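First the structure, in the form of structure tokens, and then the observations on it.
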Amino acid sequence: NREIHLASRPQGWPTAENFRLVTTEVPTPGPGQVVVRNRFMSVDPYMRGRMNDVKSYVPPFALDAPLDGGAIGEVVAGEAGGVKPGDTVLHGLGWREYALVDAKGARKIDPDLAPVTAHLGVLGMTGLTAYAGLLDVAAMKPGETVFVSGAAGAVGSMVGQIAKLRGAGRVIGSAGSAAKVERLTALGFDAAFDYHDGPVSKQLRAAAPDGVDVYFDNVGGDHLEAAIGAMNVHGRAAICGMIAQYNATEPPAAPRNLALVIGKRLTLRGFLVSDHGHLREQFVQEVAGWLREGRLSYDETIVDGIEQAPEAFLGLLRGENLGKMLVRL
Ligand code: NDP
């Protein structure tokens, strides 16, 4: 069994030296436990925060111990809680080839329903984040103009498409390359721009001449500032992530125009997907339906091999992914 440990805490941008590939014995299951041969694991931006030794909504990763996170694999040993060898399960112990999982923490999935990777993305945590943030937190209404940053990523690409499918009037996305912008247009975004091509505020104004009603923030910084500037009276922002500052060593310079929230009577609301589990069933039904009907598409960027997991994580932070970033183990 090979697994990735956190060797040291990154200062600013993580480097390969912060991670260590460690070989251990394949575990044996105790009562209530199963052993899972992981096939796919998720790398996610929130993991960067867990590499810091600070108190947050999830505890920090421990040094010299395996990292963890969403993963899917087959049960190879143990039988408990209705889970048995041969079953495909979703659980929280990625970053290792073999995981010793409490059966309570494993959810059985039907591998015939959808490609298993969908449960880590479009039908999983990132999909629910998009769905809950847009429809519950920001309460998007038909006809509204929606702006989403990080739009070509796992969450962002779902936000834009769900917005259109739920009747948004105009959907605008920003992303980090011309190829991503082209993909957003193909996914049905009404407008998209590369944030490297000029100030976000200027590009957003051009893309949203009538202003923005809902902003889904994955990036923070100048994107949030631009959105506040472009938002209409009573606009709502779902504050989902601020990836522009996850590796920052200095406090962010933007947004500098926060006072506009008063006159425009804006709502800026942070949220965690974990508080929206009650929407899961409705979300899966609706999104699985759109997938079946061919009305919604999703991208995945798959990196091979546990030894490549740190590089995949770094690639995610650098924007090398289109859609959901996954590691095949
Ligand atoms: P993505 O698939 O969107 O991958 C991250 C993307 O961020 C990269 O592809 C890159 O794309 C973009 N990015 C990186 N640095 C910058 C930067 N400085 N400025 C602008 N864009 C940047 O990841 P996810 O979909 O998994 O997550 C998206 C956001 O949602 C993150 O902020 C994450 O923390 C947050 N999140 C929050 C949750 C919650 O419960 N609140 C749950 C899940 C995710 P590009 O090429 O466009 O730069």
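No lab work stands behind these numbers, since they all come straight from the coordinates. This one's a predicted model, so the numbers in the text were calculated from it and none came from an experiment. Positions of Cβ are backbone-derived with ideal geometry, glycine not excepted, and every protein chain shown enters the neighbour counts.
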Report, in deg cm²/dmol and to the nearest 500, the calculated mean residue ellipticity at 222 nm for the chain, where each DSSP H run with n ≥ 4 adds -39500 (n - 2.57) and the sum is divided by the residue count. -6500 deg cm²/dmol
For the range 1-132, what is the charge dipole size about the Cα centre, in debye to the nearest 20, if Lys and Arg each add +1 at the Cβ and Asp and Glu each add -1 at the Cβ? 240
Do you know the relative contact order of the range 59-176, to the nearest whole percent, from alpha carbon pairs under 8 angstrom that are 6+ apart? 17
With +1 assigned to the C-beta of every Lys and Arg and -1 to the C-beta of every Asp and Glu, and no other charges, what is the dipole magnitude of the chain about the Cα centre in debye, to the nearest 20? 700
For the range 76-107 and the range 1-43, what is the separation of their Cα centres, given in Å? 15
Can you list residues whose amide H is under 5 Å from residue 153's amide H, if they're 5+ apart or on another chain and H is modeled 1.01 Å from N? 323
Quick one: compute the contact order of the chain, relative version, from alpha carbon pairs under 8 angstrom and 6+ residues apart, as a percent. 17
For the range 270-316 and the range 138-196, what is the separation of their C-alpha centers, rounded to whole Å? 16
Relative contact order %, the range 181-329, counting alpha carbon pairs below 8 Å whose residues are six or more apart: 16
The number of Lys pairs in the chain whose alpha carbons lie under 22 Å apart, excluding pairs fewer than 8 residues apart on one chain, is 10
Karplus-derived 3J(HN,Hα), 6.51/-1.76/1.60, for each residue of the range 78-86, Hz, glycine and proline x: x, 8, 6, x, x, 10, 9, x, x
State the answer as a single residue: which of 1, 235, 99 lies farthest towards the positive end of the charge dipole of the chain, with beta carbon charges of +1 for Lys and Arg and -1 for Asp and Glu, about the Cα centre. 235
In whole Hz, the Karplus estimates of ³J(HN,Hα) for the range 9-15 (6.51, -1.76, 1.60; θ = phi - 60°; x where Gly or Pro) are 8, x, 10, x, 5, x, 10
If the chain between residue 52 and residue 141 were fully stretched, how many nm would it gain, using 0.36 nm times the residue separation less the Cα-Cα distance? 28.2 nm
Near the amide H of residue 98, under 5 Å away, which other amide H atoms are found, from residues 5 or more places off or on another chain, if H is placed in the peptide plane? 2, 38
Among 149, 201, which comes first, second and so on when ranked by fewest other beta-carbon atoms within 10 Å? 201, 149
Could you tell me which residue out of 226, 181, 13 lies farthest along the dipole of the chain toward its positive end? Charges go on the beta carbon: Lys and Arg +1, Asp and Glu -1, centred on the Cα centre. 226
Antiparallel versus total DSSP beta bridges in the chain: what percent is that, nearest 5? 50
